[in-house]
Structures are given as structure tokens and as C-alpha cells.
Amino acid sequence: MNSTIECRKCHSKNSINATLCYNCDESLQNYNYYKNDFKVYYKLFSKENMEILEKIPLTDTSYDTILNNIVNINPEITIPAYPTIPVLLKIIKPYVRVQYDSENKHPNFLSFYSFNKIFLNRTTPSNMIPSSIIHELAHHLFNEIIKQTIMHLLNTEKNLYIESFAWYLTLQNKYLEIANEYVSHKVQEYFIPEKFNGYTSLIKILMDNDDLDTKKIETALSFGSSISDDVIFILEHFIKQVNNNMPHISQDNTIGYPIYKFNTQQKIDALYTIIYKTFELFYKNKKDMLPLLDQFNQSYIYYNI
Ligand SMILES: [Zn+2]
Ligand SMILES: [Zn+2]
């Protein structure tokens with residue numbers, strides 16, 4: 001389910017969590033959505049929902065529906081175009097907003113993604129901006145896949161706790177961070193190979209954590225590789241690959257691990273298992289986990305209102 005809120009000025013239909021109209025930038029005065037309401041939390045992690053998750057597996061047809069629902073978050077029919085800055089800023093508005101990092105929170109990064117916002121460093125050269133936006137947008141879409149899968153399985157609308165749950169899930173351990181970072185680098189490399197400067201943040205995670213389990217790293221990379229195909233599928237509705245007739249060898253061979261792509265069933269099983277296990281963790285530790293999600297809710301409120 002993806003219900004929408006209508007702009008009073010231009011009548012465009014916006015996502016339920018949007019605060020500004022994607023079409024005319026009018027404020028949607030969507031303050032109701034950005035409220036911390038613990039009743040919503042207890043309803044989400046209820047016994048009924050835990051039982052639904054136990055009983056209803058994720059199927060490949062429902063997963064296809066989920067991906068198409070994400071494409072349809074952008075209600076405009078577009079012809080895929082080359083990913084220039086104006087094209088990107090237009091097509092991603094229904095998903096995320098881009099702004100400069102005026103507080104200079106991460107001076108060493110070209111860009112970063114936080115709670116449905118993409119931040120660009122003021123010193124990022126303009127010719128690096130498109131690929132930076134694509135990298136951060138891929139982080140957002142990986143998050144969106146998690147959110148939409150939970151919404152689909154539990155047949156529920158998006159709410160702040162679902163968003164915060166997805167935020168927690170994608171960063172809950174180093175292996176998911178690795179999968180998450182692989183997805184973003186791979187998608188960035190796919191669309192603009194000539195501006196790609198390597199799997200840098202992924203390699204940094206691997207170097208900073210040399211105690212990680214090799215087999216688990218390989219599984220994380222393989223999972224990330226399968227999800228990157230889905231993010232590319234979503235984005236190809238809007239943007240075209242630059243220089244797609246030039247042969248390109250992926251720099252993912254510099255990561256130093258073999259990457260086996262999962263088949264569809266393995267990917268869906270892995271996604272379902274991660275969601276199920278994480279959900280179960282919250283279900284079994286409801287009281288202890290509430291402050292953590294409340295804190296993420298506060299970040300969503302801070303970044304979006
Ligand atoms: Zn509007
Ligand atoms: Zn990243």
C-alpha cells in the first residue's frame with residue numbers, strides 16, 4: 001500500500017512521508033506523519049504481525065510488485081535520460097531531497113545519505129555530483145526496498161517506525177554495511193563508469209574490520225550484488241547508462257573477495273530472513289529497543305521537518 005497526500009496548490013499526489021510537493025515545492029504541512037507515537041510502535045511489533053511474518057513468505061511475484069511500487073513512487077512517466085544534475089534532481093524529488101551540507105558534518109565525503117536526505121559537500125566538484133547523487137540514491141533505494149517489503153508483508157502503510165526499522169536493519173552490523181555499500185558503489189559504477197573512483201567506502205569498512213568472517217563477507221557481497229540489480233532495475237526507468245557501448249570491467253575485482261550472484265530465490269530468501277530475524281529481535285525485546293527507534297524517529301523528524 002502506498003497512500004498519497006495531495007498538494008493543495010497543484011493537486012499533485014505526493015508520498016505519505018513527503019513534506020514538500022515534488023512538483024511545486026509547496027509545503028504539504030504533513031506534521032501528523034512526523035510524530036513519535038509509541039502506540040504505533042507496539043502495534044507494529046505486535047504478536048499478530050509476528051505471526052503474519054511467520055506464516056507468509058516473500059514470493060518472487062510479490063517482490064516484483066514491491067519493486068514496481070517503488071518505481072511508481074515517482075508518478076511522472078519519464079523517458080530515461082542521461083544522469084545530468086538537473087535530470088537527477090528532478091527524477092529523485094518524489095524519493096529524496098538533495099541539499100548542501102551546510103554544517104559540514106562529513107568534510108571528507110563528497111556526499112552522504114541521512115534519513116531520506118542526500119547531503120552534498122560544498123567542495124564537491126560539479127562533475128562529481130551526478131555520480132555522488134546516484135551513490136546516495138542507491139542507499140535510499142536499498143532502504144526503500146526494506147520498507148516496502150515490510151509494508152507488503154504486513155499489508156500496512158508506511159510510518160516513521162517502519163522507516164526507522166529499515167534504517168536500523170541496513171546498518172545493524174558490518175556485514176549489512178558491506179552489502180549496503182556494495183550496492184551503492186555498484187549502481188554508481190553501472191550508470192557513470194568513467195567517473196567511478198573505486199569501491200572506496202566498502203574497502204575502508206573491510207580494512208577497519210579485519211576480524212570479520214570471510215564466508216560472511218562473501219555472502220554479504222553476493223547479497224549486495226543481487227540487490228544492486230534491483231536498484232538498477234528501478235533507476236533504469238528514469239536514467240540511462242553513460243557510455244554503455246564502451247567495454248567496462250567492474251572494479252569490484254579490487255575488493256579482494258569472490259562475488260557470487262544469488263539466484264532470485266536465494267536473494268528473496270536472504271531478504272526475508274534478514275527482515276524476519278530483525279523483526280523478531282524487536283518483537284522479543286520491545287521495551288529495550290523502543291528508545292533506539294525513537295531516536296531514529298527523532299532524526300527523521302529533525303532532517304525532514
Ligand atoms: Zn504542488
Ligand atoms: Zn555509501
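Observations on the structure shown:
- For the residue pairs K13/K277; K55/K284; K158/K261; K93/K174, the C-alpha atoms sit more than 26 angstrom apart in K13/K277; K158/K261; K93/K174.
- Residue-count net charge about E181 - beta-carbon cut-off 14 Å; Lys, Arg +1, Asp, Glu -1: -2
- Here is what passes the span test in the chain: the DSSP H helices with alpha carbon length of 27 Å or more along the helix axis and a Kyte-Doolittle mean of -0.5 or above are 129-154, 214-235, 264-284.
- Distance between modelled label sites at S126 and Y257, nm, 7 Å Cα→Cβ extension: 3.9 nm
- Extension gain, S62 back to F109 (0.36 nm per residue minus Cα-Cα distance, nm): 13.3 nm
- Exposure of Y257 as accessible area (Å², to 10), given a probe of 1.4 Å and all protein chains: 60 Å²
- This model, with +1 at the C-beta of Lys and Arg and -1 at the C-beta of Asp and Glu, gives the chain a dipole about its Cα centre of some 620 debye.
- Gain on full stretching of the segment that runs from Y303 to N243 - 0.36 nm per residue minus C-alpha separation: 18.0 nm
- Near S111, the amide H atoms lying under 5 Å from its own belong to N121; only residues 5 or more places off or on other chains count, and H is placed 1.01 Å from N.
- Sulfur and carbon atoms: percent of accessible area, the chain [1.4 Å]: 53 percent
- Between E48 and L171, the simple spin-label model (points 7 angstrom out along Cα→Cβ) gives 3.2 nm.
- The range 17-98, relative contact order in percent, only Cα pairs under 8 angstrom and at least six apart counted: 24 percent
- The share of alpha-carbon pairs in the range 39-153 lying farther apart than 18 Å comes to 60%.
- Summing charges over all other residues whose Cβ lies under 14 Å from the Cβ of Q29, with Lys and Arg as +1 and Asp and Glu as -1, gives 0.
- Antiparallel bridge percentage (DSSP; both residues within the chain; nearest 5): 60 percent
- Two-site FRET efficiency, T78 against Q29, from Cβ-Cβ distance with R₀ of 22 Å, rounded to 0.05: 0.20
- In order along the range 98-108, the Karplus-derived 3J(HN,Hα) couplings, from 6.51 cos²θ - 1.76 cosθ + 1.60 at θ = phi - 60°, round to 10, 8, 6, 7, 6, 8, 6, 5, 10, x, 8 Hz, and Gly and Pro are given as x.
- When the Cα convex hull of the chain is projected onto planes of every orientation, the mean area is 15.9 nm².
- Amide H contacts of R97 (H built 1.01 Å from N, in plane; Pro and chain starts excluded): I118 sit under 5 Å, all sequence-distant by 5 or more or on other chains.
- Charge sum, other residues only, whose C-beta stays under 15 Å from N159's C-beta, Lys/Arg counted +1 and Asp/Glu -1: 0
- The listed peptides 46-54, 90-98, ordered by packing as a protection proxy, come out as 90-98, 46-54 (highest mean of other Cβ atoms within 10 Å first).
- For the residue pairs K215/K287; K90/K204; K147/K186; K35/K90, the alpha carbons lie more than 30 Å apart in K215/K287; K90/K204.
- Rounded Å value of the spacing that divides the Cα centres of the range 78-157 and the range 197-246: 16 Å
- Computed over protein heavy atoms with a 1.4 Å probe, the accessible surface of the chain works out to 48 Å² per residue.
- The chain, helix-only ellipticity at 222 nm - DSSP H runs n ≥ 4, -39,500 (n - 2.57), divided by all residues, nearest 500: -17500 deg cm²/dmol
- For the range 260-305, the Rg and Dmax computed from alpha carbons only, in angstrom: 15.2, 42
- Taking all protein chains together, M246, M289 sort by accessible area into M246, M289, largest first [probe 1.4 Å].
The values are calculated or read from the model by the stated rules, or taken from the named source; none is laboratory data. Owing to the predicted nature of the structure, the values given are computational and were not obtained by experimental measurement. Ideal geometry is used to build each Cβ from the backbone, glycine not excepted, and the neighbour counts take in all protein chains shown. Surface areas here come from the heavy atoms of the whole protein model, side chains and all, with no ligands, DNA or RNA. Shrake-Rupley method; radii C 1.70, N 1.55, O 1.52, S 1.80 Å.
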